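Right, one structure below, let's go through it.
Computed from the coordinates by the stated procedures, all read-outs in this text should not be read as laboratory data. From a predicted model like this one, the values you see are computed outputs, not experimental measurements. A quick note on method: Cβ atoms are made from the backbone with ideal geometry, for glycine too, and the neighbour counts reach across all protein chains shown.
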Amino acid sequence: MNPQPSQNESTLPAEVTRALQEGACIQLVLSKPVEKRASVWKKVTVRPVILKENRQYQIALVQGQQEVHENLLPPEAIQRVSELWADHFREGYLYTQEADTHFQKTKQGTVRLKKSAPTRAILQQIEPHNRTKQYLIQEGTPCAFLEAIGVMSEAGKVKSAQYRKFRQINRYLEFINDIVPGLPATGTLRIIDFGCGKSYLTFATHYFFTELLQREVQITGLDLKRTVVEHCQSIADRLQCRGLSFQTG
């Protein structure tokens, strides 16, 4: 989609404000701090939550290894985000069901917006705070690779002894999901996993891109142990994982 001009750089783009007001925001990320001092916020992530039966926004502020959370009602959250944008950050991403919107301060003192196809529609729009966690791979939904590696039953039930691994895999996919906006929007994605071991996360990466995002991939898992490589390749062949292979190295 084509870039769109916006208003003065100190003002939060109207489209972002509207998404927060109307509840269309799945996630909002502010990055590239204006100052590079260690004491400033490096990144801000905003997501909707349900807290005490009220719709709120959780604002996560990152400073070095520290992360501070603020839970605010929509009007207060909009005010807080507006202040952070005006004083501290030069770039942001807004994710909604309809589109991803990248907005950035320019040297001319304005804000430029660029829209692209949505990448976060796979995430639940509102996550109840301190309730059942909503994962990218949902329990109860059969997943072939999780069944093959012994984490899930054929019916989609996570085995009790494997629940920690199930959470680990989903947490890993959340990190992958965060970098999607920086990847090429079209074409084959080429990924090499050095020291892939039993390849739980390699299979998870393949599933995320091919099943959830419907992307073409070429993923190669490398490991020094031939028996491990042969085992992983046999699973990939059995599941017909297109674009996934394993090699010794």
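Below are the figures for this structure:
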item: Qualifying GluC sites (Glu not before Pro) in region 152-249, DSSP loop, other Cβ atoms within 10 Å at most 14; result: GLU154, GLU216
item: For region 3-116: relative contact order, % (alpha-carbon pairs under 8 angstrom, 6 or more apart); result: 33 percent
item: Candidates per trypsin sites (Lys or Arg not before Pro) in region 140-197, loop by DSSP, up to 12 other Cβ within 10 Å; result: LYS157
item: GNM flexibility winner over the chain from PRO13, PRO184, PRO48 (Cα, springs under 10 Å); result: PRO184
item: Percent antiparallel among DSSP beta bridges (both partners in the chain, rounded to 5); result: 75 percent
item: Net charge, PRO33 excluded, C-beta distance under 11 Å - Lys, Arg +1, Asp, Glu -1; result: +3
item: Residue exposure sequence - HIS69, HIS206, HIS102 - by fewest surrounding Cβ within 10 Å; result: HIS69, HIS102, HIS206
item: Entries of LYS159/LYS225; LYS42/LYS165; LYS32/LYS115; LYS43/LYS198; LYS52/LYS165; LYS36/LYS114 with Cα pairs more than 22 Å apart; result: LYS159/LYS225; LYS42/LYS165; LYS43/LYS198; LYS52/LYS165; LYS36/LYS114
item: Qualifying GluC sites (Glu not before Pro) in region 58-106, DSSP loop, other Cβ atoms within 10 Å at most 15; result: GLU98
item: Degrees, to the nearest 10: 226-238 long Cα axis against longest axis of the chain; result: 80 degrees
